[in-house]
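Contents: one structure, followed by commentary.
The values are calculated or read from the model by the stated rules, or taken from the named source; none is laboratory data. Keep in mind it's a predicted model, so treat the numbers as computed, not measured. Note that each Cβ is placed from the backbone with ideal geometry, even for glycine, and that neighbours are counted across all protein chains shown. Protein only, heavy atoms only, side chains kept; ligands, DNA and RNA dropped before computing areas. Shrake-Rupley method; radii C 1.70, N 1.55, O 1.52, S 1.80 Å.
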Amino acid sequence: MSGYIELQRSLLEESDIIEDAIAQRARRNVDVVPAEVRPEEVKDLFSTRKRPLKELVQQQHEVSYFLDKCKKQKKAFIDARTDPAVDEELKRIEDTSTDFVEFDKMLEKIVKHYKIQQKEPSAPQDIAELYKMYSSAPPTSITTTKKNRIKTKRKYILSAVAAHLTADSLFSPEECYGKYLDLRDLHAEYQHFTEISYRDFLVALKELKAPANADPKAYIVFVQNLSKYLQSFYSRKYPFRDVDTLLSEIKTQFSSETPPNNDPLYCKSCDKHFTKESVFTAHLTGKKHKKNTQRCSENGQVSSSLFEEFKARKLCEALAETLTNTITNVDRQTALTEREKQIEGIGLADDDSEDTVVQSSSGSDDNSDSDREESAFANMPLGADGTPIPPWLYKLQGLHRSYDCEVCGNISYKGRVAYNKHFGGAKHVQGLKLLGVDDDSIPLFKSISTIDEAVSLWRKIKRANRIEEGERENAVEVEDEAGNVMSKKDYLDLKKQGLL
């Protein structure tokens, strides 16, 4: 057979297998498809069963990998047709004067090819099998049930082609499969410029600016490392989005917002525009301008650090939800005791020993979730992260009990731990502020969950504050010329009115 024809056939065959593999994963879990490109009616067509976050992340990256590979296959298909050697080969095949000479030569090559393959110790594996779910499972982990169904562990849900895309290799434990940012190493670098807590560092990223006494070289390295990490996290968090497109938009926006270099009242080193020439001239002799000029000359680019700062801020905006979740998680972990941290670690740990029925012994996939999977966690309750946990751990964490809070808008919290933590959360604090409570008094309202109790306590606090203020004002006594003793406040009031 023609090498060109065989190449085209194999490329089209693999592309068709990849598309079928993507469709199988979408039918099994519709959340694998990005929400921004998924029609609403799709949910009514496919399974909406809740899947663990780790499994979802792995399959999203797997589908993204399949899409990239499918695009490469189709590009190779088109490029092969434009190859000059292909035209010569097609002309030889279509030449009627050669009779069957060329055909006999190609047939002889095919016969030799398969004779060599038969001498090999093992036959080549079917390519369709490599793209099936759970095909990455080693033979030793596969067992057969009484109904002749193949059973293996859920951690092998990836196909053999995408076996390298495990969630543990994509995200660090602190990132929790993309739920939180892990910026503790960068926070340690930032500590060289100014002393700041990890939480305050996360908040400061939204309006990132160079500290006053920061070393220019070290700060540029820090900002570059920060941008590099945020780019990496964005591509891992959103595998279907193009990070290069985002960076191109950021660069264009930076160019449009930066004042032109030919402006006579614009300082390149300080990235600042002046309205008066006299102020601009005085600025050129300042220490800050000289320091910024030296920084720019040392690093070769005038606006390198400014652009890196701008890029980091825009990436933080793109990851605003994740950054907010990270700050909330830091606040939550700060309030945990050591025992609660240990219990939470057990609850968040994934159980990779779960067995799942993959397919029947005949090799055909079953479209029904209940027939295809006999999960040991099917009837187990869900923990705080949405993954199934044993009933004893569910009760140990108190998740079988709910607690309501009127201040938060009658929201119900599962478990005493989550209920106690929410008192320091933004929603509860906002509810107290709506009732008129000031920031200094909010810590006094811990464990107050009803509006009546909060209003009553706030009235008592205000009354106590007024009494304390009055006592403080009347604590100092003075004596007038007639020998009358009175408080200092009354003395000053009478003196202003001219009654003394």
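For Lys287, give me every one of the lysines with a C-alpha distance below 26 angstrom, ignoring sequence neighbours fewer than eight places off in its own chain.
Filter leaves Lys209, Lys217, Lys268, Lys272, Lys276.
Consider just the alpha-carbon atoms of region 385-479 and return their Rg together with their Dmax, both in angstrom.
Here Rg and the maximum Cα pair distance are 19.2, 76 Å.
Could the peptides 485-498, 426-439 be put in order, highest first, of the mean number of other beta-carbon atoms found within 10 Å of their residues?
Per-residue mean Cβ counts within 10 Å order the peptides as 426-439, 485-498.
Work out, step by step, the length gained on full extension between Gln224 and Ser456: first 0.36 nm times the residue separation, then minus their alpha carbon distance; give nm to one decimal.
Gain on stretching Gln224 to Ser456: 78.3 nm.
Taking 7 Å along the Cα-to-C-beta vector as the label spot, tell me the Thr140-Thr328 distance in nanometres, rounded to one decimal.
Rounded to a tenth, the inter-label distance reads 4.3 nm.
Local charge sum around Val455 (other residues, Cβ-Cβ under 15 Å, Lys/Arg +1, Asp/Glu -1)?
Surrounding charge for Val455 is +1.
Nearest 0.05, what FRET efficiency do Phe77 and Lys179 give at R0 = 35 Å with Cβ-Cβ as r?
0.35
Taking loop as defined by DSSP and a crowding limit of 10 other beta carbons within 10 Å, which GluC sites (Glu not before Pro) in region 119-206 fit?
Of the GluC sites (Glu not before Pro), the ones in loops of region 119-206 whose Cβ has at most 10 other Cβ atoms within 10 Å are Glu195.
Fully extended, how many nm does the chain gain between His283 and Arg199 (0.36 nm per residue separation, minus their Cα-Cα distance)? Please report the intermediate quantities before stating the final value.
Working: separation 84, 0.36 × 84 = 30.24 nm, distance 3.53 nm.
Taking His283 through Arg199 to full extension adds about 26.7 nm, to one decimal.
Using a Förster radius of 45 Å, what is the FRET efficiency between Ala35 and Ala85 based on their Cβ-Cβ separation? Nearest 0.05, please. Mind showing how you got there, number by number?
On the way: r = 46 Å, r/R0 = 1.02.
Efficiency computed from Cβ-Cβ geometry: 0.50.
Loop only per DSSP, at most 13 neighbouring Cβ atoms within 10 Å: give me the trypsin sites (Lys or Arg not before Pro) in region 166-244, ordered by residue number. Don't skip to the answer; put the middle values down first.
Working: sites: Lys179, Arg184, Arg199, Lys206, Lys209, Lys217, Lys228, Arg236, Lys237, Arg241; in loops: Lys179, Lys209, Arg241.
Passing both the DSSP loop test and the Cβ count: Lys209.
Using label points projected 7 Å from each Cα along Cα→Cβ, tell me how many nm separate Ala23 and Glu471, to one decimal.
In this crude spin-label approximation the distance works out to 8.0 nm.
Not counting ligands, DNA or RNA, and with a 1.4 Å probe, what is Phe274's accessible surface area in Å² rounded to the nearest 10?
Surface open to solvent at Phe274 totals about 20 Å².
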